[in-house]
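Student: First, the structure itself, so that you have it in front of you.
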């Protein structure tokens with residue numbers, strides 16, 4: 001779970017919410033859940049009186065402040081939790097600290113590779129130029145690759161080409 005929150009510290013409702021969030025995928029990269037991306041910062045359930053529904057608070061940080069997928073992700077969260085019986089849901093967007101690829105799960109990075117997208121390399125603070133990176137082709141594993149464009153189908157990806165298998169592929173930029 002996120003931010004050192006152990007299962008012992010979470011109540012059953014919070015566990016259930018984290019499990020529901022794990023099933024919500026990123027609209028732009030459907031192989032990744034929003035948990036894999038690391039955009040969910042915390043979940044809190046405020047217990048209220050027995051005749052009032054529990055208040056569910058979810059804090060999240062989008063990958064970009066103007067990310068076009070945010071509205072769809074918010075809708076997916078609200079629908080998923082509503083279907084599961086939660087009715088008093090509040091989503092809070094936080095932009096500080098800014099999201100970084102360091103928050104992605106290792107299993108999410110593996111899912112990217114299996115999907116054909118090279119996962120971020122290094123830490124966000126390293127600030128290495130794209131052209132200087134040795135990006136392994138997710139198809140054949142060769143590092144004989146070249147940067148074609150700093151932007152691909154989304155702003156968070158760059159387009160590379162493998163000189164070994166000749167396949168183009170996306171690289172999820174480290175930031």
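Read the figures in this text as sums done on the coordinates, not as results from a lab. The structure displayed is predicted, hence computed values, not measured ones. Cβ sites come from the backbone with ideal geometry, for glycine too, and all protein chains shown count toward neighbours.
Student: How would 41, 90 line up from fewest to most surrounding beta-carbon atoms within 10 angstrom?
Tutor: 90, 41
Student: Okay, next question. Would you calculate the volume per residue, in Å³, of the smallest convex hull containing every Cα atom of the chain?
Tutor: 114
Student: Out of the DSSP beta bridges found with both residues in the chain, what percent are antiparallel (nearest 5)?
Tutor: Roughly 65 percent of the DSSP beta bridges within the chain come out antiparallel.
Student: Each label point is 7 Å from the Cα along the Cα-to-Cβ direction; what then is the distance between the points at residue 155 and residue 167, in nm?
Tutor: 2.9
Student: Please give the helix 106-115 orientation as an angle from the longest Cα principal axis of the chain, in degrees from 0 to 90, rounded to the nearest 10.
Tutor: Taking the Cα atoms of the chain, the angle to 106-115 is about 50 degrees.
Student: Relative contact order for segment 104-172 using alpha-carbon pairs under 8 Å, separation at least 6, rounded to a whole percent?
Tutor: 27
Student: Then there is this: Taking Cα atoms of segment 104-172, Rg/Rh with Kirkwood Rh, to two decimals?
Tutor: Across segment 104-172, the Cα-based Rg/Rh ratio is 0.93.
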